[in-house]
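These notes are about the structure you will find just below.
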Amino acid sequence: RMQGKGGLMLTGKLGDVMKESATAALTYIKSHTAELGLEPGLFTENDLHVHVPEGAIPKDGPSAGVAMVASLYSVLSGKSVRHDVAMTGEITLRGDILPVGGIGEKVLAAMRAGIRELVLPPLNEKDVLEIPEDIRKDVVFHYPHTIQEALQILMSADNSSTAEAN
């Protein structure tokens with residue numbers, strides 16, 4: 001976040017779909033400024049720059065929508081995103097969270113990284129149930145329907161895990 005006039009810069013190795021996710025995330029935040037407790041002037045006095053380094057894995061697809069909203073909200077609100085929760089999900093301009101592919105791989109990657117709490121789209125719950133019980137038994141899964149619900153989980157440092165573990 002820097003002084004500016006409301007612009008959004010996207011750099012790094014982002015495909016078209018991921019660029020759309022970042023733009024949709026900012027549009028959602030702008031259209032829900034009051035509900036999110038943000039000052040309207042933030043968008044006329046600041047520019048935002050999202051940089052996704054190239055790394056070894058191509059970054060494209062809708063899976064980053066929830067993470068984009070959480071990241072942008074974090075920088076605008078000054079609140080930190082929890083470091084102990086992984087997230088995925090496509091977003092709509094109305095704030096709904098839509099399903100994505102590769103849930104099994106994403107859950108295993110989070111577990112390899114030591115993450116034991118995940119925020120996933122509700123329509124992906126069926127994919128989680130396909131993961132063997134011995135793998136998912138120590139993981140807490142949250143299935144928020146909206147970005148507002150997801151932010152309540154993701155932004156609260158003292159959030160206790162109240163979701164059902166699968």
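The values are calculated or read from the model by the stated rules, or taken from the named source; none is laboratory data. Nothing here was measured: the structure is a model prediction, and the numbers come from that model. Positions of Cβ are generated from backbone atoms using ideal geometry, with glycine treated the same way; all protein chains shown enter the neighbour counts. For accessibility, only protein heavy atoms count, side chains too; no ligands or nucleic acids. Shrake-Rupley method; radii C 1.70, N 1.55, O 1.52, S 1.80 Å.
Computed from these coordinates, which is mean projected area of the Cα convex hull in nm²: (i) 11.7; (ii) 14.2; (iii) 9.4? The calculated read-out lines up with (iii). Using a cut-off of 12 Å between beta-carbons, work out the net charge of the residues near Val85 (Lys and Arg +1, Asp and Glu -1, Val85 not included). Here the count lands on 0.
For Leu36, neighbours were defined as the other residues whose beta-carbon sits under 11 Å from its Cβ, and their charges (Lys and Arg +1, Asp and Glu -1) total 0. Near Gly6, within a Cβ-to-Cβ distance under 15 Å, what is the net charge of the other residues, with Lys and Arg +1 and Asp and Glu -1? Computed value for this residue: 0. Quick one: angle between helix 65-77 and the longest Cα principal axis of the chain, in degrees between 0 and 90, rounded to 10, please. Roughly 50 degrees, rounded to the nearest 10.
Build a GNM of the chain with springs between Cα atoms under 10 Å apart, and of Thr33, Thr44, Thr23 the one that fluctuates most is Thr44. Comparing mean-square fluctuations of Pro40, Pro62, Pro132 from a GNM of the chain with C-alpha springs under 10 Å, the top value falls on Pro132.
The portion of the accessible surface of the stretch 1-130 made up by carbon and sulfur, rounded to a whole percent, is 54 (1.4 Å probe; DNA, RNA and ligands excluded). Among beta bridges identified by DSSP and lying wholly in the chain, the antiparallel ones come to about 35 percent.
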